[in-house]
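Beneath this line is the structure, given in structure tokens, with notes to follow.
None of the figures in this text is laboratory data; all of them are computed from the coordinates on show. Bear in mind that the values here come from a model prediction, so they are computed numbers and not experimental data. Because the Cβ atoms are built from the backbone with ideal geometry, glycine has one as well, and the counts that use them run over all protein chains shown.
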Amino acid sequence: MFTIVWVCAVSFLAVAWIAYWIWNYVQDQREKKQPKAGTKHLSQVKQSFEEYTRKVENYKKPTYKRKK
């Protein structure tokens, strides 16, 4: 009788762990498909970097007259 209880308990635990692993894998796959949420700080950094690159593109190096 005791062995039957142990066999049932162990098999139930094995099935539960397998179901948990499958559920966790499915959740990971769903998260990978969703776009990553951007934070406010990240969007501010991206915007300031874009402004900086625009300034660098329009920057003209000053020319100096050489003395002979």
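From the list Y64, Y52, Y59, the one residue that fits, being surrounded by 10 or more Cβ atoms within 10 Å (Cβ to Cβ) and not acidic (D, E), is Y52.
Remark: V10 matches the filter, which requires a residue to be aliphatic (A, V, I, L, M), assigned to a helix (DSSP H, G or I) and surrounded by 10 or more Cβ atoms within 10 Å (Cβ to Cβ).
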